[in-house]
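Computed from the coordinates by the stated procedures, all read-outs in this text should not be read as laboratory data. If you're wondering where the values come from, they're calculated on a predicted model, not measured in any experiment. Please note: Cβ atoms are built from the backbone with ideal geometry, for glycine as well, and neighbour counts cover all protein chains shown.
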């Protein structure tokens, strides 16, 4: 029995190690490429590590950036991602509370209808969504990125499932003490759902930060672009600049990488979809 368990662990470890290598090696290669000169990258064949480590790509991005305002892109992405995350947490937590705790006519039918919309790919909504944004006058503004993704169906489903594990007796005891529905949500439900809300915030911030297609459509002013669609300008009109692009990509992933380091424990806590109530 012990030999079988040991063999299974070795196989699982080997499989995970292979996956880790497949995922990590391209990332490391991209980072070290950002420290190569354009001449070295173009003239020398494949070489993993640079012969001469240089900072010219970062200098060109951060100092000589008249045509590529990286600081503006970075600030735009930060404002958009943080605002979108806050709005999503407000809308999703209230919606999940309503679908799980409140009683109103057609609640289940409406919720299942929302779930059914998940079967359609998001790209189907691009044209009608752009028409709505255009009518509101939000083209080329941050509102076009902040508002449309505020009520993600999957996030509502995830938080609702988490809330369903919180005993309903908590609500009943609070109502006996005269608490309103909003008081129950704010003082009982919300604190117990923090782990899953951290995960929603993590996914929302990362998705908003890394979004490429939608901001490429709604932004045409270079100074107002987020950083991800702005990176495509580093490729040049007639030739690509891989080393410069890798430097920009490395700068772009730093915030999400730091966020994952601080939020990973909440991600693991939420995977059980349990509120973790003791007693």
* Residues 11, 184, sorted so that the one with the fewest Cβ neighbours within 10 Å comes first -> 11, 184
* Sticking with the crude label model, points 7 Å out along Cα→Cβ, report the distance from residue 53 to residue 169 in nm, one decimal please. => 6.1
* **Centre separation in Å (Cα based) which lies between segment 82-123 and segment 151-182** => 14
* In a GNM of the chain with a 10 Å cut-off on Cα contacts, which of 41, 257, 113 has the highest mean-square fluctuation? -> 113
* To do: Report, to the nearest 10°, how far helix 242-270 tilts away from the longest principal axis of the Cα atoms in the chain, using its own Cα long axis and a range of 0 to 90°.
  => 20
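Say R0 is 22 Å: what FRET efficiency, to the nearest 0.05, do residue 223 and residue 82 get from their beta-carbon distance? It would help to have the intermediate numbers written out before the result.
Details: r = 19 Å, r/R0 = 0.87.
The calculated FRET efficiency here is 0.70.
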* Structure fact -> Taking a ≥ b ≥ c as the square roots of the eigenvalues of the Cα gyration tensor, with a/c under 1.5 meaning rounded and otherwise prolate when a/b exceeds b/c and oblate if not, the chain is oblate
* Structure fact -> With R₀ set to 45 angstrom, the calculated FRET efficiency between the beta-carbons of residue 116 and residue 6, to the nearest 0.05, is 0.45
* Structure fact -> Rounded to the nearest 10, the angle in degrees between the Cα long axis of helix 194-210 and the longest principal axis of the Cα atoms of the chain comes to 30
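Treat the count of other C-beta atoms within 10 Å as a stand-in for reagent exposure and order 214, 29, 138 from fewest to most. Could you put the intermediate results ahead of the total?
Values: 214 22, 29 13, 138 18.
Exposure proxy ranking, most exposed first: 29, 138, 214.
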* Asked: residue 153 versus residue 21, label points 7 Å from Cα toward the beta carbon: distance in nm?
  -> 4.1
* Structure fact -> With Cα coordinates, the longest principal axis of the chain makes an angle with the long axis of helix 126-136, in degrees rounded to 10, of 80
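Packing-wise, with mean Cβ within 10 Å as the measure, how do 119-125, 195-201 rank, highest first? Intermediate values should be presented prior to the final figure.
Values: 119-125: 9.6, 195-201: 21.9.
Result, highest mean first: 195-201, 119-125.
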